[in-house]
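The values are calculated or read from the model by the stated rules, or taken from the named source; none is laboratory data. Quick caveat, the model's predicted, so the values are computed rather than measured. Note that we place each Cβ from the backbone using ideal geometry, even for glycine, and neighbour counts take in every protein chain shown.
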Amino acid sequence: MYNEPIFLEPEFKERIWGGTKLKEIFNYDIPSQETGECWGISGHANGPNRIKNGPLAGKTLGEAWEQHRELFSNEEGEEFPLLVKILDSKKDLSVQVHPDDQYARDVENETYGKTECWYVIDCEEGSEIIFGHHAKGKEELTSMVQNGQWDKLLRKIPVKPGDFFYVPSGTIHAIGEGIQILETQQSSDITYRVYDYDRVGQDGQKRELHLDHSLNVTTVPHEDPLLKREASAIDGLRYEKLVEEDYFTVFLWELEGRSKEITLQRYRLMSVLDGRGRITIDGVDYSFKKGDHFIVPSTVQSYTVTGKAKIITSHSNKA
C-alpha cells in the first residue's frame, strides 16, 4: 500500500514571452530570464516530472502511471490525463486555439486535444486576456483572419487576481502581458497559432502560424461557458469548486487551520500557490510550501491538511 503524497520536481520551459516572475514569486531555480512555464504536474513526453520522494523516487510521473495504475484510481488511458502548469507572461502570448480529442487523433496522431482552464494568480493593473472572437460565421472568421483584422476579430477581457476562466478546445485565446496563471489542462502540447504580433525569434524569422488548422478547429460563433463557482467550508478549510466539466474538476482551497478528515475517492493533484502547511496520513506529517506540486494517490484512504495556504486542487473526470 502506497500511503504518502507523491511530490514532483518541476520542469521549466523557456519562451519568447517569458520572464522572471517564477523565481520572484515561487523561488524556483529558473533556467533563464525568459522562463515562461513551470510544468508542475506532468506525465507528458515533452516535460515529464520526476518523483522526489518515497519508493518511486527518481521515476517519472509517466512511468508511475504505466507501472502503478493503482495509485491513480485504476483509471484507463495510455497517458496521464492532466497537465498542471504555472505561466508567467512578461509579454503577450501568441493568439492561439487548440483542437478537440477527435481532431488531435485524426490529424496529429496524439491521444488528447486540449481543453484547459486558468486561475489568475497575479497580474499588473490593466492586464487583459483574449478570450473568444466576434465573427458570426466561418466565412467572416476566415476573412478577418486572412485580412489581419485583429482589432475587429479578437475579444479582449480585463483580468484581476482570483479570476478564473474555462477554455474549451476550439476557443481562440491568449494571455496578455504581465499575468501569472495556474493552468489545468488535458495532457496535450498541441497549439495552433493564429497571430503572433509579427514577432521574430532568435533566428530572425517570424514564428510559424497554423492558419489552416486554426480555422478548422475554431468554434464559431464564440459562446462563453457558463460557470457557477460554489464555495463551502469544513473546519479550517474553505474550498470553492471552480469548474466541473468533461475532463477535470478544479477547486480552490484556502486553508486557515486544520481540516476535518478528508476521504479520498479519486487521486488528487495539488499545487500550492501561497503559504505552507502539512498533510497528515495515518499520523505521519508531510510538509508542503508555496511552489510545491504533489499528488495524493488513490491508495490513501483519508487525510487532513493543516496550515495557512492557498492551493489549487484537481482531479481527472475520466472513468
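Would it be correct to say that His210 is surrounded by 14 or more Cβ atoms within 10 Å (Cβ to Cβ), of a type outside the set (A, V, I, L, M, F, W, C) and not assigned by TED's automatic domain parsing to the domain that holds Gly162?
Numbers: surrounded by 14 or more Cβ atoms within 10 Å (Cβ to Cβ): yes; of a type outside the set (A, V, I, L, M, F, W, C): yes; not assigned by TED's automatic domain parsing to the domain that holds Gly162: no.
Taking the combined requirement at face value, the residue does not satisfy it.
Determine, yes or no, whether Tyr239 is closer than 18 Å to Gln185 by Cα, surrounded by 17 or more Cβ atoms within 10 Å (Cβ to Cβ) and not assigned by TED's automatic domain parsing to the domain that holds Asp163.
Spelling it out, it is not the case that Tyr239 is closer than 18 Å to Gln185 by Cα, surrounded by 17 or more Cβ atoms within 10 Å (Cβ to Cβ) and not assigned by TED's automatic domain parsing to the domain that holds Asp163.
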Within the range 33-73, tally of residues that are loosely packed, with under 15 Cβ neighbours inside 10 Å and touching a Gly at 6+ places or on another chain (Cβ under 8 Å): 2
How about the range 139-154: which of its residues are touching a residue at least 24 places away in the same chain (Cβ under 8 Å) and aliphatic (A, V, I, L, M)? Leu141, Val145, Leu154
Are any residues in the range 74-92 crowded, with 20+ Cβ neighbours inside 10 Å and over 21 Å from the mean Cα position of the chain (by Cα), and if so, which ones? none
Checked the range 35-50 for anything of a type outside the set (Phe, Trp, Tyr) and under 17 Å from Val272 (Cβ atoms); matches are Cys38, Gly40, Ile41, Ser42, Asn49
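Is there a residue being in contact with a helix residue (DSSP H, G or I) (Cβ under 6 Å, 6 or more places away or on another chain) and over 30 Å from Leu255 (Cβ atoms) anywhere in the range 202-209? Before you say what the answer is, go through the steps one by one.
Within the range 202-209, the subset in contact with a helix residue (DSSP H, G or I) (Cβ under 6 Å, 6 or more places away or on another chain) is none.
No, the range 202-209 has no match at all.
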For the range 189-198, check the following and say yes or no: at least one residue is farther than 15 Å from Leu93 by Cβ and assigned to a strand (DSSP E or B). no
Considering only the range 132-155, I want to know if a residue exists there that is surrounded by fewer than 20 Cβ atoms within 10 Å (Cβ to Cβ), within 26 Å of Thr20 (Cβ to Cβ), at pLDDT 95 or above and basic (Lys, Arg). no
Please enumerate the residues belonging to the range 82-137 that are closer than 21 Å to Gly62 by Cβ, of a type outside the set (Val, Ile, Thr) and either part of a strand (DSSP E or B) or not assigned by TED's automatic domain parsing to the domain that holds Arg207 (or both). Leu82, Leu83, Lys85, Glu116
Being polar (S, T, N, Q) and without any contact (Cβ under 8 Å) to a residue 40 or more places away in the chain is the filter here, so list the residues in the range 75-109 that pass it. Gln102, Asn109
Applying the selection to the range 54-73, what residues are out of contact with any Leu (no Cβ under 8 Å at 6 or more places or on another chain) and touching a residue at least 60 places away in the same chain (Cβ under 8 Å)? Glu70, Leu71, Phe72, Ser73
